[in-house]
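Coordinate-derived values only; no laboratory data. Everything numeric here is computed off the predicted structure, so don't read it as measured data. Using ideal geometry, Cβ is built from the backbone for each residue, glycine included, and neighbour counts are taken over all protein chains shown.
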Amino acid sequence: MRPQDFRCRHRLTVRWAEVDAQKIVFNAHYLMYADVAVTDYWKQMALPYEQSWASLGGELYVKKASVTYHASAQMGDVLDVGIRCVKQGNTSLQFEAGIFRGQQLLNTVELVYVFADATQTPQPVPQPLRDMLTAFEAGEDMVTLQSGNWNDLGRLAERLRMQVFVQEQGVPREIEIDEFDTMCRHVVVTNRLGHGVATGRLVSDAPGVARIGRMAVARELRGSRVGRQVLDALIAAARDRGDTEAVLHAQVHAQHFYARAGFVPEGEVYDEAGIDHITMRMKL
């Protein structure tokens, strides 16, 4: 077993609170490391928890967890935790985790989950979930990017923007959906359940100037690549129509995300809808 045998790998650093007086990891923490990797597994499959499991009609409950120890992790070690689905039963799924320091296997964890409804009664694993697991383990892309107008993508974009801007950030609904929506290009990334997980739009502010806005990513998928997929698609659309620069109003906490794509901040921080923003610009 090697780290490269796993499509999904999560990296973490051993903290002092996770070790004993000998500075080696408490045994129980290996189960926690595996559980964190499982969470990252669903993230890489682009499945926001609440919406995804609700549409599948149930949840996964741990039935069995077993640990095989090979060597000890120590304080300060950087560990790679690989996770993969190795078996699909009628009502159960079996996952295997490998915990590595470099190429050295320290720990193997087996997790068996049962799919069950709200009463915790076991149910057959839904076929859409089976198909997604098979596709992910085969290396297939788990999302689809769509570009179009409000008539085509408005329902998906609006639902996600309501979740992110109105429900999560407290932006008034009456200013979130505006007159520009029907006039601009929208991009939406959907997962294999058809749910919108990232969106953004492109507005013409002035000749040659593209304004990117309403960038929203489902909470559980932030830090994955779906937000960058939307941004890159909007930048490409601006170039294709002949724009020479792109501008956006970035929430301050997301400034580094846009800077990594080539946007440069300008001016001072200002308030917009009760949230600190900064203008950022990129030459095309």
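For a protection proxy built on the mean count of beta-carbon atoms within 10 angstrom, sort 233-240, 203-210 highest first, please.
Packing proxy ranking, top to bottom: 233-240, 203-210.
What distance in nm separates the simple spin-label points at residue 162 and residue 70, each placed 7 Å from Cα in the Cβ direction?
4.9 nm
When the Karplus curve 6.51 cos²θ - 1.76 cosθ + 1.60 is applied with θ = phi - 60°, which whole-Hz ³J(HN,Hα) does each residue of region 90-96 get, with x for Gly and Pro?
5, 10, 10, 10, 10, 10, 10
If you put +1 on each Lys and Arg Cβ and -1 on each Asp and Glu Cβ, how big is the dipole of the chain around its Cα centre, in Debye rounded to 20?
In debye, rounded to 20, the chain gives about 800.
Identify, among 70, 45, 114, the residue whose Cα sits farthest towards the positive end of the charge dipole of the chain, taking +1 on the Cβ of Lys and Arg and -1 on the Cβ of Asp and Glu, with the dipole about the Cα centre.
70
Arrange 67, 86 by Cβ neighbour counts within 10 Å, fewest through most, would you?
Numbers: 67 16, 86 10.
Placing the least packed residue first, the sequence is 86, 67.
Give a residue-ordered list of calculated ³J(HN,Hα) values for region 41-46 (Karplus: 6.51 cos²θ - 1.76 cosθ + 1.60, θ = phi - 60°; whole Hz; x for Gly, Pro).
4, 5, 5, 5, 7, 6
Counting only C-alpha contacts under 8 Å and six or more residues apart, can you give the relative contact order of region 136-215 as a whole percent?
This gives 31 percent for region 136-215.
Calculate one ³J(HN,Hα) per residue across region 159-174 by plugging θ = phi - 60° into the Karplus curve 6.51 cos²θ - 1.76 cosθ + 1.60, and present them in order as whole Hz with x for glycine and proline.
Whole-Hz 3J(HN,Hα) from phi for region 159-174: 4, 5, 5, 4, 5, 7, 7, 7, 6, 7, 9, x, 6, x, 4, 5.
So what is the relative contact order for region 3-137, in percent, with contacts set as C-alpha pairs under 8 Å and at least six apart?
29 percent
Can you compute the helix-only [θ] at 222 nm over the chain? Use -39500 (n - 2.57) per DSSP H run of at least 4 residues, normalise by all residues, nearest 500 deg cm²/dmol. It would help to have the intermediate numbers written out before the result.
Working: 7 runs with 72 residues, N = 284.
Computed mean residue ellipticity for the chain: -7500 deg cm²/dmol.
Have a look at 195, 156, 184 and report the one farthest towards the positive end of the charge dipole of region 139-206, computed about the Cα centre with Cβ charges (Lys/Arg +1, Asp/Glu -1).
195
How do 153, 12 line up, fewest other C-beta atoms within 10 Å first?
Ordered by Cβ neighbours within 10 Å, fewest first: 12, 153.
Can you sort 63, 87 from fewest to most other Cβ atoms within 10 Å of each residue's own Cβ? Walk me through the numbers on the way to the answer.
On the way: 63 15, 87 11.
Listing 63, 87 from fewest to most nearby Cβ atoms yields 87, 63.
For residue 19, enumerate residues with amide H under 5 Å from its amide H, sequence gap 5+ or separate chain, H modeled in the peptide plane.
26
Can you list residues from other chains, or at least 5 along the same chain, whose modelled amide H is less than 5 Å from the amide H of residue 284?
245, 246
Would you work out the relative contact order for region 143-283, in percent, from Cα pairs under 8 angstrom that are 6 or more residues apart?
Normalised by residue count, the contact order of region 143-283 is 20 percent.
Assuming R0 = 35 Å, what is the FRET efficiency of residue 103 and residue 152, from their Cβ-Cβ distance, to the nearest 0.05?
0.15
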